[in-house]
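Derivation of every value follows stated rules applied to the coordinates shown; laboratory data play no part. Being a predicted model, the structure only gives us computed values, none of them experimental. Cβ atoms come from the backbone with ideal geometry, glycine included; neighbour counts cover every protein chain shown.
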């Protein structure tokens, strides 16, 4: 019995000693990054500020590029206006999306996606004016909201994952997004984006 107790005590002592050595090793490795941390002092005080973009013109059919929509809504066509697609200095991917029903009715929206926060914002919606011309009307209560994954407007996470954002939540460059829409998302190697 005493022998078992001694062996158990010895194993616990070794375990504690190796934990202390590992903790010291981690601390030493952090110390090598101390200078880098001090050079970026105040980085946690950074506050994101949204840029502004003008509302684009209502899209032409010739500028629309088909994307994948929510699986439950395969009888709808989801189309991105290639002309309106921008990636702002604020990291927001802005675009016009047209959701077309099987009967040919269109619902157009001017949206933005933030890859870093998995949020989207609807800036404006399409409408037909008294003169019969289609245009966008600013939404008065536009706000950033978490992605919806259900419903006819549950396209945000699909656009982010399949077309707009890389695997670490960084928005891709415009030409890469267009390429993803036209040809499917390929490997991002950092060389051209």
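Worth pointing out:
- Based on C-alpha pairs under 8 angstrom that are at least 6 apart in sequence, region 95-193 has a relative contact order of 18 percent.
- Distance between the C-alpha centres of region 70-121 and region 127-141: 17 Å, rounded to the whole angstrom.
- Which of 48, 144 has the fewest Cβ neighbours within 10 Å, and the rest in rising order: 48, 144
- Residues 149, 140, arranged from fewest to most other Cβ atoms within 10 angstrom of their Cβ, appear as 140, 149.
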